[in-house]
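Visitor: For reference, the structure I am asking about is given below.
A short reminder: the numbers here are calculations on the coordinates, not readings from a lab. Computed from a predicted model, the values in this text were never measured in an experiment. Cβ coordinates were reconstructed from backbone atoms using ideal geometry, including for glycine residues, and neighbour counts include every protein chain displayed.
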Amino acid sequence: MSKLQDELKSFGNFLRECRVEIGKITWPNRKELVGSTWVVGGLLLTVALFVFFCDRILTVVMTWLMGS
């Protein structure tokens, strides 16, 4: 076999293995998906607020330290 034929056969095996692995995936139902979305949104909001308040506090501290 030529090198090209070996590579094509290897690529074909890869695609077959991908199809098998995709078949093993368990997808969440609608209720789980909505619940997870709310959790991610809540965590995102919490982290955004934390970063915002840290930025404000550091801005005040640095302004005070620089004497402006």
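Visitor: In the chain, which trypsin sites (Lys or Arg not before Pro) fall in coil by DSSP and have 15 or fewer other Cβ atoms within 10 Å?
Guide: Answer in residue order: K24.
Visitor: About the Cα centre of the chain, how large is the charge dipole given +1 on each Lys and Arg Cβ and -1 on each Asp and Glu Cβ? Please answer in debye to the nearest 20.
Guide: The calculation lands at about 240 debye.
Visitor: Hey, another quick one. Along region 37-54, what does the Karplus equation 6.51 cos²θ - 1.76 cosθ + 1.60 (θ = phi - 60°) give for ³J(HN,Hα), rounded to whole Hz, x for Gly and Pro?
Guide: 5, 5, 5, 5, x, x, 5, 4, 5, 4, 5, 4, 5, 4, 5, 4, 5, 4
Visitor: If I stretch the segment between L44 and R56 completely, what's the gain in nm (0.36 nm per residue apart, minus their alpha carbon distance), one decimal?
Guide: The L44-R56 span can extend by a further 2.5 nm.
Visitor: A follow-up question, please. In whole Å, what are the extents of the chain along the principal axes defined by its C-alpha atoms, from largest to smallest?
Guide: Projected onto its principal axes, the Cα set of the chain covers 77, 39, 9 Å.
Visitor: Let me ask you something else. Positive end of the dipole of region 1-63, charges at C-beta (+1 Lys, Arg; -1 Asp, Glu), about the Cα centre: which of S2, V47, T63 has its Cα farthest in that direction?
Guide: S2
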